[in-house]
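Undergrad: First the structure, then my questions, so here it is.
The values are calculated or read from the model by the stated rules, or taken from the named source; none is laboratory data. Note that the coordinates shown come from a computational prediction; the quantities given were computed from them, not determined experimentally. Quick reminder, even Gly has a Cβ in these numbers, built from the backbone with ideal geometry, and neighbours come from all protein chains shown. All accessible areas refer to the heavy atoms of the entire protein, side chains included, with ligands and DNA or RNA removed. Shrake-Rupley method; radii C 1.70, N 1.55, O 1.52, S 1.80 Å.
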Amino acid sequence: MRSGNPSLKKEAFEKFDTIGSGQTMTIGGTVNKTFILILLVLATFVYSWNQFVENPGSVLPLILIGAIGGLIVALITIFVPKISPFTAPLYALLEGLFLGAISAQYEAQYGGIVFQAVMLTIAVLLSLLLLYKSGLIKVTQNFRMGVVAATGAIFLVYIISFIGGFFGFNIPYLHDSSPIGIAISVVIVIVAALNLVLDFDYIENAAGSRVPKYFEWYGAFGLLITLVWLYLEILRLLSKIRSR
């Protein structure tokens, strides 16, 4: 069992023995926790968005707090899953601050792009969930390894690009709106979407392994990480297309 999502690893689940059924993780409970986290994201998303509308220059602190704070809370949650009932909601609130400000900036430049990105993200989520539950997409070992390898390669490129930006080095085509740049974004969106399938599989396996109840929050947290990544990549792809 592997996942491109760093929060959903086999080691996080395998150390637990079977415990009482009333205290174990369920798929339904994880779905409910996921909805709660999404609502928390939306709450701070709206706040951050409105701050940009009132004063565009005031959102930089919100972006930094959301991005840096979200990263710190995510790392803490990954290393200490037991506190996920507290840290997962905090992560959702911080991500909402970041996403709201960033989305408002995209919206100011390309009207209607945020609604399109949200609808596409929801459509991808529901479509892949349907394909996974119907068995049309089977999570084999080769499938896992391919998605994990592709995800790792993408984040390695992003790290190189981030560090290179401080020294005036840019990876060709990664951020531009040329046909090659758009094709690269399409590939990244596909890889991000396929990570959802691995997340579904991990949550299902974790529930089947009867891990502790708090893993419902942890599973929802891991799924939210992938959804945030997918949304941002779709937003970037649409902005490249619109800029042409």
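Undergrad: Restricting attention to region 32-42, and to residues there that are touching a residue at least 24 places away in the same chain (Cβ under 8 Å) and open to solvent by 60 Å² or more (accessible area, probe 1.4 Å), which single residue is farthest from Phe200 (Cα to Cα)?
TA: In this case the residue turns out to be Leu42.
Rundown of residues vs (1) open to solvent by 80 Å² or more (accessible area, probe 1.4 Å); (2) modelled with pLDDT under 95; (3) under 13 Å from Gly100 (Cβ atoms), yes/no style:
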{"residue": "Thr44", "(1), (2), (3)": "no, no, yes"}
{"residue": "Pro56", "(1), (2), (3)": "no, yes, yes"}
{"residue": "Val59", "(1), (2), (3)": "no, yes, yes"}
{"residue": "Leu62", "(1), (2), (3)": "no, yes, yes"}
{"residue": "Gly69", "(1), (2), (3)": "no, no, no"}
{"residue": "Ile76", "(1), (2), (3)": "no, no, no"}
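Undergrad: Sticking with this structure for a sec: Taking Ala123 as the residue in question, decide whether it is within 22 Å of Arg242 (Cα to Cα) and either at pLDDT below 95 or open to solvent by less than 70 Å² (accessible area, probe 1.4 Å) (or both). It would help to see each step written out before you state the result.
TA: Values: within 22 Å of Arg242 (Cα to Cα): yes; either at pLDDT below 95 or open to solvent by less than 70 Å² (accessible area, probe 1.4 Å) (or both): yes.
Yes; evaluated as a whole, the condition is true for this residue.
Undergrad: Also: Report whether or not Phe200 is at pLDDT 90 or above and more than 26 Å from Gly66 (Cβ to Cβ).
TA: Criteria met by Phe200.
Undergrad: Does any residue of region 169-183 turn out to be within 16 Å of the chain's Cα centre (by Cα) and either open to solvent by 20 Å² or more (accessible area, probe 1.4 Å) or within 30 Å of Pro85 (Cα to Cα) (or both)?
TA: No, region 169-183 contains no residue that is within 16 Å of the chain's Cα centre (by Cα) and either open to solvent by 20 Å² or more (accessible area, probe 1.4 Å) or within 30 Å of Pro85 (Cα to Cα) (or both).
Undergrad: Looking at region 139-191 only, could you name the residues that are at pLDDT below 85 and either assigned to a helix (DSSP H, G or I) or of a type in the set (Phe, Trp, Tyr) (or both)?
TA: Answer for region 139-191, where residues must be at pLDDT below 85 and either assigned to a helix (DSSP H, G or I) or of a type in the set (Phe, Trp, Tyr) (or both): Phe162, Gly164, Gly165, Phe166, Phe167, Phe169, Tyr173.
Undergrad: Scanning region 207-223 for residues that are in a helix (DSSP H, G or I) and at pLDDT below 90, which turns out surrounded by the fewest Cβ atoms within 10 Å (Cβ to Cβ)?
TA: Gly208
Undergrad: Name the pairs whose Cβ atoms lie under 9 Å apart, with the first residue in region 132-145 and open to solvent by 70 Å² or more (accessible area, probe 1.4 Å), the second in a helix (DSSP H, G or I) and of a type in the set (A, V, I, L, M, F, W, C), and 6 or more positions between them or separate chains?
TA: Pairs found: Lys133/Phe200; Leu136/Leu130.
Undergrad: Mind checking which pairs have a first residue in region 160-177 that is more than 18 Å from Glu233 (Cβ to Cβ) and a second that is open to solvent by 60 Å² or more (accessible area, probe 1.4 Å) and assigned to a loop (DSSP other than H, G, I, E, B), Cβ under 7 Å, 6 or more apart or different chains?
TA: Within 7 Å, the pairs are Gly164/Asn170.
Undergrad: Which one of the conditions (1) of a type in the set (Phe, Trp, Tyr); (2) modelled with pLDDT of 95 or more; (3) more than 19 Å from Tyr218 (Cα to Cα) does Tyr132 fail to meet, given that it meets all the rest?
TA: (2)
Undergrad: Report whether or not Ile241 is open to solvent by 50 Å² or more (accessible area, probe 1.4 Å), among the hydrophobic types (A, V, I, L, M, F, W, C) and more than 21 Å from the chain's Cα centre (by Cα).
TA: Answer is yes for this residue.
Undergrad: Next question, about the same structure. Out of curiosity, is Tyr106 in contact with a Lys or Arg (Cβ under 7 Å, 6 or more places away or on another chain), of a type in the set (Phe, Trp, Tyr) and under 13 Å from Ser239 (Cα atoms)?
TA: no
Undergrad: Can you name the residue in region 84-98 that is open to solvent by less than 60 Å² (accessible area, probe 1.4 Å) and within 21 Å of Ala206 (Cα to Cα) and, of all such residues, is farthest from the chain's Cα centre (by Cα)?
TA: Pro85
Undergrad: Also: Might you let me know whether region 19-31 holds any residue that is farther than 27 Å from Arg210 by Cβ, outside any loop (DSSP other than H, G, I, E, B) and not aromatic (Phe, Trp, Tyr)?
TA: Of region 19-31, the ones farther than 27 Å from Arg210 by Cβ are none.
For region 19-31, residues farther than 27 Å from Arg210 by Cβ, outside any loop (DSSP other than H, G, I, E, B) and not aromatic (Phe, Trp, Tyr): absent.
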